[in-house]
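> A single structure is presented below for examination.
Rule-based calculations on the coordinates, nothing more; no lab input. Only a predicted model underlies this, so the values are computations on that prediction, with no experimental measurement involved. Cβ: placed from backbone, ideal geometry, glycine included. Neighbour counts: every protein chain shown.
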Amino acid sequence: MRAAGGDEVPVRGPVRAVPADVVLVALAAVDVGLQLDHYTPLESALSAAACAALVVRRRFPLAVFLLSLPAALFSSVVVVPLAALYTLAERGRDRRLLVVCAIASALASALPWPLSEYTEDDRFWTFVDFVYLLATAAAPVFLGQLVQARRDAADRLAEVEEAREHERRLHAQGVLARERAQLAREMHDVVSHQVSLIAVRAGALQVGAKDTETRAAARAIRGLSVTTLDELRHMVALLRASGGRTAEPAAQPTLADLRQLIDTSGIEVTLKGELPSGIGAPAERAVYRTVQEALTNVRKHAPGATATVCLWHEGDALGVTVVNTPPTRPVLELPGSRVGLIGLGERAENLAGSFEAGPTPDGGYGVRLHLPTPTAESGTTG
């Protein structure tokens with residue numbers, strides 16, 4: 001749902017909101033009903049409409065508040081304007097609009113009605129009433145903003161906890177991968193070597209033995225040793241692959257994996273441009289890691305922001321630019337070592353390129369990777 005300030009606001013469960021809406025509308029109806037004797041038919045209809053509009057105040061907070069102003073002007077009703085102000089403050093993010101609405105509510109309640117009866121002698125007391133009513137209108141505004149800040153903090157903490165859990169899983173996977181790689185090395189260097197010696201000795205015994213039973217036993221031992229050695233080699237290959245020790249280029253991220261990275265980032269990302277084929281695995285990995293680190297930082301430090309990933313190729317240079325918009329939700333100050341950005345800069349230098357990162361004029365953040373176009377003779381690796 002989009003609130004008055006133009007920001008997306010989560011809609012709470014309708015089932016839980018129904019009892020609160022019923023009680024609030026009932027209180028507003030009682031508040032208005034106590035003053036019906038002083039209303040004209042038009043004023044009664046507008047006041048009743050303002051009470052009924054409280055049901056949809058979460059979906060249309062600004063419209064409901066504007067509808068409450070006539071009720072505040074016609075009489076001294078309290079529930080309708082204060083409820084409308086609270087909902088607008090709890091849903092909206094434009095503080096200037098909230099100040100204007102609080103002043104409008106206090107002014108509508110302070111002005112005498114009908115306006116034709118307003119005299120010069122009423123100015124002082126009207127001003128006094130306006131000051132007190134403005135202080136009263138500020139209370140639901142502050143309360144609504146407090147509830148909104150609490151909700152934003154809870155959502156942000158949930159995102160931080162989710163990111164930490166993801167990092168813990170990655171760390172656990174890294175530890176497991178290193179253990180598997182170490183186990184693969186031990187199996188290859190020790191176990192496989194010993195089984196190979198058994199097979200060689202069994203073969204020698206099979207050739208040199210004189211009696212039939214010994215040759216048969218040696219043949220069986222050699223056959224089992226060869227089978228065991230094949231199975232060990234297969235297990236070592238699997239452990240190396242799962243442990244990240246495979247030397248196959250396909251195990252490293254490439255530009256073909258960029259779309260999946262963007263789709264699973266949890267951020268609204270626009271991908272533009274493309275890079276020529278054949279730029280080399282080091283350059284592809286550098287582009288991938290730059291986009292990966294940039295989107296990770298957007299999620300951690302710019303909640304609610306959108307990002308644009310632009311792949312570009314100009315003459316003898318190529319690279320990627322990632323720019324995000326300012327955050328739309330409050331940002332919690334989190335510790336950061338900037339190791340990721342430093343690593344991207346070092347990777348770019350290894351490829352004879354450059355890396356830049358910094359805030360944008362509109363309050364967002366941008367990173368840019370610049371690499372020379374690899375040539376057929378280039379042997380640079382990264």
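> Taking the Cα-to-Cβ direction at Glu346 and at Glu162 and moving 7 Å from each Cα, how far apart do the two end points lie in nm?
Output for this residue pair reads 3.1 nm.
> Out of the GluC sites (Glu not before Pro) in the range 284-316, which ones are loop residues according to DSSP with at most 13 other C-beta atoms within 10 Å?
Here no loop site has a sparse enough neighbourhood.
> Just to confirm the filter: which trypsin sites (Lys or Arg not before Pro) across the range 163-235 are DSSP coil and have at most 10 other Cβ within 10 angstrom of their Cβ?
Lys210
> Further question: Counting only Cα atoms, I'd like the Rg/Rh figure for the range 251-372, Kirkwood definition for Rh.
Taking Rh as the inverse mean 1/r over Cα pairs, Rg/Rh reads 0.95.
> Moving to a separate point now. 5 Å is the cut-off here: which amide hydrogens, built 1.01 Å from N in the peptide plane, fall below it relative to Leu271, excluding neighbours closer than 5 in sequence?
Val309
> Local charge sum around Val298 (other residues, Cβ-Cβ under 12 Å, Lys/Arg +1, Asp/Glu -1)?
Taking every Cβ under 12 Å from that of Val298, the sum is -1.
> Could you give the dipole magnitude of the range 251-372 about its Cα centre, charging the beta-carbon of Lys and Arg +1 and that of Asp and Glu -1, in debye to the nearest 20?
So the magnitude is around 300 debye.
> Report the extension gain between Leu176 and Ala153 in nm, rounded to one decimal, defined as 0.36 nm multiplied by the number of residues separating them, less their alpha carbon distance.
Using 0.36 nm per residue and subtracting the Cα-Cα distance, I get 4.9 nm.
> With r defined as the distance between the Cβ atoms of Lys210 and Met235 and R0 fixed at 41 Å, what FRET efficiency is calculated, to the nearest 0.05?
0.65
> Let me ask something else. Taking just the C-alpha trace of the range 268-313, give me its Rg and Dmax in Å.
12.0, 36
> Same structure again: What residues qualify as long-range amide H neighbours of Ala317, i.e. H under 5 Å apart, gap of 5 or more or another chain, H built at 1.01 Å from N?
The list, which skips near neighbours in sequence, is Thr373.
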